[in-house]
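Participant: Before anything else, here's the structure in question.
The values are calculated or read from the model by the stated rules, or taken from the named source; none is laboratory data. For clarity, every value in this text was computed on a predicted model and none was experimentally measured. Note that we place each Cβ from the backbone using ideal geometry, even for glycine, and neighbour counts take in every protein chain shown. Surface accessibility is based on the protein's heavy atoms, side chains included, excluding ligands, DNA and RNA. Shrake-Rupley method; radii C 1.70, N 1.55, O 1.52, S 1.80 Å.
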Amino acid sequence: MLEYEIAAIYYFVTGIITAQPYFEEVPLDMLLPCVFYPTPAPAASGFSVNAFMTEFAMYIKFMDHSTMAAYEMGEKVLQAIMGNRRKVPLVDEAGKLTGKNFRVNMPKLKKIENGVYQLELSWNRHTRYNAKEVTLARDIFMNGLPIGKED
């Protein structure tokens with residue numbers, strides 16, 4: 001599922017700016033301008049009795065010969081995300097829009113070094129626990145009685 005979100009971000013960005021994309025690593029002989037899409041970093045936490053939440057953070061780097069050109073690329077993408085109410089349209093395996101979106105948290109754009117600006121995109125995903133685990137959680141006894149059986 002994560003690959004759909006990464007693909008959605010890629011297609012969203014390429015609809016706004018024209019730059020060479022790089023995914024796993026940026027080669028030494030990279031073409032400029034370029035955009036680097038690293039693997040998002042996950043952080044999981046509890047959410048409810050039935051589900052947990054995973055927050056993904058992706059640090060997209062816009063690189064160009066000048067700092068101002070890198071800033072312009074990042075700023076265009078930031079404004080487009082905010083203009084779309086922080087929704088990124090999902091795409092299928094063929095890259096076609098599915099009609100569904102996912103919402104990102106507040107994006108942040110900052111200068112990393114000369115010629116490089118970084119856009120921090122993060123989003124939350126809520127996932128249900130395995131059915132067996134949820135059933136076990138519901139069978140917890142309080143004061144010697146199952147929950148919901150007190151009179």
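Participant: Here's a check for you: in the stretch 96-124, which residue that is among the hydroxyl-bearing types (S, T, Y) and surrounded by 12 or more Cβ atoms within 10 Å (Cβ to Cβ) is farthest from M63 (Cα to Cα)?
Facilitator: Filtering first and then ranking leaves S122.
Participant: Could you check Y71 against (1) in a loop (DSSP other than H, G, I, E, B); (2) closer than 21 Å to Y22 by Cα; (3) out of contact with any Pro (no Cβ under 9 Å at 6 or more places or on another chain); (4) modelled with pLDDT of 95 or more and say which number it fails?
Facilitator: Unmet condition: (1).
Participant: Could you pull out the residue among V88, V35 that is touching a residue at least 40 places away in the same chain (Cβ under 8 Å), open to solvent by less than 70 Å² (accessible area, probe 1.4 Å) and not in a loop (DSSP other than H, G, I, E, B)?
Facilitator: V88
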